[in-house]
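Some notes on the structure that comes next.
The values are calculated or read from the model by the stated rules, or taken from the named source; none is laboratory data. Just so it is clear, the structure is predicted and the values come from calculations on it, not from any experiment. Here the Cβ is made from the backbone with ideal geometry for all residues, glycine too, and neighbour counts use every protein chain on show. Accessible surface areas use protein heavy atoms only, side chains included; no ligands, DNA or RNA. Shrake-Rupley method; radii C 1.70, N 1.55, O 1.52, S 1.80 Å.
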Amino acid sequence: MAFCTKLQWRRPALVGAILLAGCGGGGGGSSGTTTPTTPPVTTPAVPGSFADVTVYSSAATGSLSAPNENAAVIASHIQLNGKQFDYTATTGHLTAVDAKTGQASVSFFYVAYTVTGTTAAKRPVTFFYNGGPGSASTYLHLGSFGPRRLVSTIPSANIPPVQLVDNQETLLATSDLVFIDAVGTGYTQAVAPNTNADFWGVDKDAASFRDFVQRYIAVNKREASPKFLYGESYGAPRTGVLANLLETAGVQIDGLVLQSAIMDYNSNCGVLDPNAISCEGYIPTYALTSAYHGRATPVPVETVRNFATGGYRTAIAAYLASKVAPPSAVLNQLSDLTGMSTLIWQQNFDMQPGYYQQNAVPGQLLGRYDARVLAPTGSALTRDGDPSLTVVNASFSSSIVTYMANELHYSAGSAYAPFIDIVNRWNFSHDGKQLPDTIPDLTAALTLNPAMKILAINGYHDLATPFHQTELDLARLGENQSIVLKYYASGHMTYLDDTARRAQQTDLINFMNSVTVSH
């Protein structure tokens with residue numbers, strides 16, 4: 001998920017209400033804050049199970065004096081294409097070691113799904129993480145490509161019964177999967193003398209993930225494996241920084257998956273004050289969403305892209321520079337594309353996603369993470385400001401703990417934190433800017449490893465990290481055959497849509513195979 005909460009951001013000559021990106025497909029802030037769930041500590045009854053008695057804290061001052069590296073290691077299987085597919089689930093902690101001091105820094109909680117065999121050391125391994133900042137990897141873990149997933153009825157606004165099923169779209173036949181919780185989320189905690197808050201910033205966060213990945217590779221002897229990083233929402237800029245840090249440290253990363261990316265916060269008009277920068281990147285999403293709801297006539301994606309980068313770009317530049325009145329022809333085209341009147345567009349020429357979300361369909365609030373989902377204004381589904389999150393959030397937050405206890409056979413005596421509200425405490429500064437721009441990090445990583453490939457994944461109906469803005473950001477990397485962009489009729493968490501998830505699995509397998517063939 002993205003843009004969890006509002007933050008007062010102060011910079012010279014600008015005091016802006018910022019909607020900062022990325023719950024990364026899990027979490028809440030103003031959009032569904034979740035309460036940590038404490039499962040009972042149970043006596044291990046299944047071979048390989050682990051009842052962890054360590055007390056973990058998601059507080060800013062949280063600090064472990066004695067981390068452990070114990071884990072539940074469970075043999076399991078899934079039926080894929082009518083055949084049994086065996087794998088091992090490992091749930092527990094690994095201690096990241098600070099690259100500079102050589103001292104323990106973070107006790108990372110993770111779940112790894114691996115397949116043993118004669119070529120295990122060379123089998124691909126993919127590291128998954130959501131965003132936030134402040135989100136555990138619950139949504140990717142139980143919603144995307146792990147061996148088990150929660151049933152979703154997106155884009156329906158009905159809340160389905162909680163049902164965990166074998167995931168026929170799992171990537172486990174192609175790659176081992178490692179789901180990682182960031183510091184302060186899940187059961188991940190800083191190791192003394194560090195505290196959780198020490199890692200709540202762009203650079204310290206990415207460095208801690210680097211140290212975990214290096215530790216995992218070393219402990220599990222995966223040096224020869226093709227390695228992929230998969231980051232969603234804020235996890236995508238984390239991936240940009242992390243890839244550069246790992247390549248600099250001598251760890252070759254073969255592929256990056258950027259799910260619903262916000263690579264440059266400074267270019268996204270949903271981050272800054274209204275009329276601060278152009279909302280050009282949102283125009284195609286507005287048009288496609290309005291057509292989906294029958295408010296406008298459908299047009300080809302390329303047509304609306306060309307309008308956004310052509311007539312609208314020229315007009316909005318003049319408007320933002322000197323408040324030049326928008327041309328009638330541009331206002332008429334905006335009205336045709338969205339079904340909103342020319343008067344509305346004249347008054348909101350640099351239309352922010354929040355305004356569109358509330359006004360595109362009269363009497364209805366559109367989902368922010370998936371604008372296909374809508375609910376009557378003032379209804380229960382709009383209480384958190386995003387019906388597309390409300391319909392799924394509770395089931396994910398509750399199911400992760402019961403899944404770990406009942407199927408992964410890991411339990412703990414303290415609360416699991418699916419999401420912690422730390423956006424206002426996060427240090428977003430990076431590389432001399434108050435808000436991160438991680439395209440230079442990607443450039444540096446690609447310079448160090450020209451063979452690295454990038455797959456960017458977007459939903460057409462994402463009002464948090466719109467697909468066209470991702471395109472504009474990645475275009476700064478120039479023409480590069482190693483960068484592939486894929487799109488789906490879905491939202492921010494594309495995989496919650498059954499049709500999109502199946503198509504996405506195919507694209508991911510093709511992407512991974514294209515990397516491993518040349519590895």
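Couple of notes before you dig in:
- Every condition in (1) open to solvent by 20 Å² or more (accessible area, probe 1.4 Å); (2) free of Cβ contacts under 8 Å to residues at least 40 places away in the same chain holds for Y488 except the one numbered (1).
- When the stretch 474-519 is filtered for residues that are modelled with pLDDT under 95 and in contact with a His (Cβ under 8 Å, 6 or more places away or on another chain), nothing remains.
- Lone unmet requirement of (1) assigned to a loop (DSSP other than H, G, I, E, B); (2) open to solvent by 10 Å² or more (accessible area, probe 1.4 Å); (3) over 19 Å from N427 (Cβ atoms) for L171: (2)
- Residue-level analysis places Q505 outside the set of residues that are assigned to a loop (DSSP other than H, G, I, E, B), more than 16 Å from Y265 (Cα to Cα), open to solvent by 20 Å² or more (accessible area, probe 1.4 Å) and out of contact with any Ser or Thr (no Cβ under 6 Å at 6 or more places or on another chain).
- The stretch 120-161, residues that are under 23 Å from Q84 (Cβ atoms) and among the β-branched types (V, I, T): V125, T126, V151
- Scanning the stretch 454-474 for residues that are in a loop (DSSP other than H, G, I, E, B), out of contact with any Gly (no Cβ under 6 Å at 6 or more places or on another chain) and under 15 Å from Y234 (Cβ atoms) yields a total of 2.
- Selection within the stretch 412-434 - in a loop (DSSP other than H, G, I, E, B) and not aromatic (F, W, Y): G413, S414, A415, P418, I420, D421, I422, S429, D431, G432, Q434
- Test: residue in the stretch 190-200 that is in contact with a Ser or Thr (Cβ under 6 Å, 6 or more places away or on another chain) and buried (at least 23 other Cβ atoms within 10 Å of the Cβ): yes
- Remark: L140 falls outside the filter, which requires a residue to be touching a residue at least 40 places away in the same chain (Cβ under 8 Å), over 17 Å from the mean Cα position of the chain (by Cα) and open to solvent by less than 30 Å² (accessible area, probe 1.4 Å).
- Test result for A190, among the hydrophobic types (A, V, I, L, M, F, W, C), touching a residue at least 24 places away in the same chain (Cβ under 8 Å) and assigned to a helix (DSSP H, G or I): no
- Condition met for G146 (touching a residue at least 12 places away in the same chain (Cβ under 8 Å), part of a loop (DSSP other than H, G, I, E, B) and more than 28 Å from G117 (Cβ to Cβ)): no
- When R295 is tested against (1) in a loop (DSSP other than H, G, I, E, B); (2) open to solvent by less than 40 Å² (accessible area, probe 1.4 Å); (3) in contact with a helix residue (DSSP H, G or I) (Cβ under 9 Å, 6 or more places away or on another chain), just one condition goes unmet, and that condition is (2).
- Residue check, T248 open to solvent by 10 Å² or more (accessible area, probe 1.4 Å), touching a residue at least 12 places away in the same chain (Cβ under 8 Å) and not aliphatic (A, V, I, L, M): yes
- Residue within the stretch 329-343 that is over 30 Å from T91 (Cα atoms) and under 28 Å from the mean Cα position of the chain (by Cα) present: yes
- Scope the stretch 298-339; condition hydroxyl-bearing (S, T, Y) and touching a helix residue (DSSP H, G or I) at 6+ places or on another chain (Cβ under 9 Å); matching residues: T303, T309, Y312, T314, S328, S335, T338
- From F85, F108, residue being within 27 Å of A197 (Cα to Cα), of a type outside the set (A, V, I, L, M) and either surrounded by fewer than 19 Cβ atoms within 10 Å (Cβ to Cβ) or touching a His at 6+ places or on another chain (Cβ under 7 Å) (or both): F108
- Remark: S135 matches the filter, which requires a residue to be of a type outside the set (K, R) and open to solvent by less than 10 Å² (accessible area, probe 1.4 Å).
- Every residue from the stretch 153-164 that is modelled with pLDDT of 95 or more and of a type in the set (A, V, I, L, M, F, W, C): I154, L164
- All helices (runs of 4 or more DSSP H) inside the stretch 300-411 with 1 or more residues being touching a residue at least 60 places away in the same chain (Cβ under 8 Å): 301-307, 353-359, 387-406
- Filtering T90, T95 for residues that are at pLDDT 95 or above, out of contact with any Pro (no Cβ under 8 Å at 6 or more places or on another chain), surrounded by 15 or more Cβ atoms within 10 Å (Cβ to Cβ) and of a type in the set (V, I, T) leaves a single hit, T90.
- Scan of the stretch 435-453 for residues that are surrounded by fewer than 15 Cβ atoms within 10 Å (Cβ to Cβ) and not in a helix (DSSP H, G or I), ordered by number: P450, A451
- Scanning the stretch 347-361 for residues that are in contact with a Ser or Thr (Cβ under 9 Å, 6 or more places away or on another chain) and of a type outside the set (D, E, K, R), we see that the one that is most open to solvent (accessible area, probe 1.4 Å) is Q358.
- Comparison of N275, N266 shows that the only residue that is in a loop (DSSP other than H, G, I, E, B), touching an Asp or Glu at 6+ places or on another chain (Cβ under 6 Å) and open to solvent by 10 Å² or more (accessible area, probe 1.4 Å) is N275.
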